[in-house]
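Below is one structure, written out as structure tokens, with a few remarks after it.
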Amino acid sequence: EVSKFSVQELDLYYSNFQALKKINMEIQEKEITAFIGPSGCGKSTFLKTINRMNDLVEGVKVDGKIYLDGVDIYKDIDVIKLRSRVGMVFQQPNPFPMSIYDNVAYGPRIHGIKKKSVLDEIVEKSLRQAAIWDEVKDKLKKSARAVSGGQQQRICIARTLAVEPEVILMDEPTSALDPISTLKIEDLAVELKEQYTIIIVTHNMQQASRISDKTAFFLTGEVIEYGKTE
Ligand code: ADP
Ligand code: ADP
């Protein structure tokens, strides 16, 4: 099996506080890995470390190695490129204050795509992949904040997919949602793993057992158990 991410002896310090301790993990392609553990045990920190969202912050120190497809992400990949390969979905649905269309077209436009027909195609494809196209196709020009929380979250997933990432990090993507929306996002995650590598942080043990292939249990900065979910 090919490891998408190989994490070796990873330590992370916020000034003098050690938030991650000697973490080793081989995250496989086209699997869902669930991170479980109490609040404050380092799950978000780990996500932010593997897409380099926090090492540029004052006082943060990272030790150890993280490889993406065998390439050292702290040495040999530029951060902008890494971020486009590793997309992130947050706990609170956070669409930009603009139309549904513009939210999904945002990333492709930043990457220089201007042609309307091409953008139209990407927007439709991404919204379809995020299982929200049918619900929003007649209101693409409406504000992305004028739909339900569960729909906003799927629009945010479409926004992430539109830049064609390889990995999707989801930080408690359902904890702000109702049970029906939660099930939709879970089904969606299972569909997306055909094509993507997914890491999902969750407080919900049932959710982990329903959708994940591997589970890592975090406790005070350490991974205390890691393996096949079953
Ligand atoms: P959760 O993962 O439980 O939803 P957060 O990740 O927002 O919560 O925060 C977890 C803990 O980390 C909280 O105790 C919070 O106060 C602390 N924390 C988060 N960001 C910072 C920060 N920038 N500086 C200091 N403490 C922080
Ligand atoms: P989780 O996602 O599991 O809730 P976090 O990764 O948010 O945990 O936090 C892990 C620990 O690191 C917590 O003790 C938290 O207070 C601390 N922490 C998180 N972010 C910061 C930060 N920016 N500066 C200082 N401490 C932080």
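Among the candidates N54, N16, single out the residue that is more than 16 Å from D72 (Cα to Cα), at pLDDT below 95 and either open to solvent by less than 20 Å² (accessible area, probe 1.4 Å) or basic (K, R) (or both).
Values: N16 fails: either open to solvent by less than 20 Å² (accessible area, probe 1.4 Å) or basic (K, R) (or both).
One residue alone meets the criteria, N54.
Quick one: which of K75, K81, K22 is away from ligand 1 (no atom under 16 Å from the Cβ), open to solvent by 60 Å² or more (accessible area, probe 1.4 Å) and in contact with a Gly (Cβ under 9 Å, 6 or more places away or on another chain)? Even if it seems obvious, please write down each step before you answer.
Details: K75 fails: in contact with a Gly (Cβ under 9 Å, 6 or more places away or on another chain); K81 fails: in contact with a Gly (Cβ under 9 Å, 6 or more places away or on another chain).
Every option except K22 fails the conditions.
Among the residues of region 107-121, is there at least one that is within 16 Å of I168 (Cα to Cα) and more than 16 Å from ligand 1 (Cβ to nearest atom)?
Looking only at region 107-121, we keep the residues that are within 16 Å of I168 (Cα to Cα), and these are 107.
Filter once more, keeping what is more than 16 Å from ligand 1 (Cβ to nearest atom): 107.
Yes, there is a match, as at least one residue in region 107-121 is within 16 Å of I168 (Cα to Cα) and more than 16 Å from ligand 1 (Cβ to nearest atom).
Taking interchain pairs and intrachain pairs at least six residues apart, which have beta carbon atoms under 6 angstrom, with the first residue in region 139-163 and farther than 18 Å from I185 by Cα and the second crowded, with 24+ Cβ neighbours inside 10 Å?
If the second residue must be crowded, with 24+ Cβ neighbours inside 10 Å, the pairs left are L140/I100.
Which condition breaks for V163 when tested against (1) under 17 Å from L127 (Cβ atoms); (2) touching a helix residue (DSSP H, G or I) at 6+ places or on another chain (Cβ under 7 Å); (3) open to solvent by less than 30 Å² (accessible area, probe 1.4 Å)?
Going through (1) under 17 Å from L127 (Cβ atoms); (2) touching a helix residue (DSSP H, G or I) at 6+ places or on another chain (Cβ under 7 Å); (3) open to solvent by less than 30 Å² (accessible area, probe 1.4 Å) one by one, V163 breaks only (3).
Could you run through region 137-167 and say how many residues are under 13 Å from the mean Cα position of the chain (by Cα), in a helix (DSSP H, G or I) and hydrophobic (A, V, I, L, M, F, W, C)?
4
So, of the residues in region 169-187 that are within 16 Å of ligand 2 (Cβ to nearest atom) and open to solvent by 30 Å² or more (accessible area, probe 1.4 Å), which turns out to be farthest from I32 (Cα to Cα)?
Let us first name the residues in region 169-187 that are within 16 Å of ligand 2 (Cβ to nearest atom), namely 169-176.
Next cut, open to solvent by 30 Å² or more (accessible area, probe 1.4 Å) only: 175-176.
Working: S175: 18, A176: 20 Å.
Among them, the one singled out is A176.
Can you name the residue in region 188-205 that is in a loop (DSSP other than H, G, I, E, B) and open to solvent by less than 20 Å² (accessible area, probe 1.4 Å) and is also nearest to A131 (Cα to Cα) among such residues? Before you say what the answer is, go through the steps one by one.
First pass over region 188-205, keeping only residues in a loop (DSSP other than H, G, I, E, B): 193-196, 202-204.
Next, from what is left, pick out any that are open to solvent by less than 20 Å² (accessible area, probe 1.4 Å): 196, 202.
Working: Y196: 15, T202: 21 Å.
Per the stated criteria, the residue is Y196.
With the requirement that a residue be more than 18 Å from I50 (Cα to Cα) and surrounded by 16 or more Cβ atoms within 10 Å (Cβ to Cβ), what does region 84-93 give you?
Here is the first cut: in region 84-93, the residues more than 18 Å from I50 (Cα to Cα) are 92-93.
The answer is P93, and nothing else.
Condition first: among the aromatic types (F, W, Y), open to solvent by less than 40 Å² (accessible area, probe 1.4 Å), at pLDDT 95 or above and under 26 Å from I185 (Cα atoms). Can you find one or more residues in region 105-123 that meet it?
Just the residues of region 105-123 that are among the aromatic types (F, W, Y), to begin with: 106.
If we keep only those that are open to solvent by less than 40 Å² (accessible area, probe 1.4 Å) too, we end up with none.
Scanning region 105-123, I find no residue that is among the aromatic types (F, W, Y), open to solvent by less than 40 Å² (accessible area, probe 1.4 Å), at pLDDT 95 or above and under 26 Å from I185 (Cα atoms), so the answer is no.
Could you list, in sequence order, the residues of region 25-43 that are within 14 Å of ligand 1 (Cβ to nearest atom) and either buried (at least 21 other Cβ atoms within 10 Å of the Cβ) or closer than 21 Å to K228 by Cα (or both)?
F35, I36, G37, P38, C41, G42, K43
Would you please list the contacts, defined by Cβ atoms under 8 Å and residues six or more apart or on different chains, that run from a residue in region 175-190 that is more than 13 Å from S148 (Cα to Cα) to a residue that is in a helix (DSSP H, G or I) and open to solvent by 30 Å² or more (accessible area, probe 1.4 Å)?
E186/R210
I'd like to check which helices (runs of 4 or more DSSP H) are fully inside region 1-110 and have at least 3 residues that are within 13 Å of ligand 2 (Cβ to nearest atom). Let's see the steps before the verdict.
Values: elements: 43-50, 79-85, 100-110.
In region 1-110, the matching helices (runs of 4 or more DSSP H) lie at 43-50.
The values are calculated or read from the model by the stated rules, or taken from the named source; none is laboratory data. Because the structure is predicted, anything quoted here is derived from the model rather than measured. Glycine also receives a Cβ, built like all others from the backbone with ideal geometry; neighbour counts cover every protein chain displayed. For accessibility, only protein heavy atoms count, side chains too; no ligands or nucleic acids. Shrake-Rupley method; radii C 1.70, N 1.55, O 1.52, S 1.80 Å.
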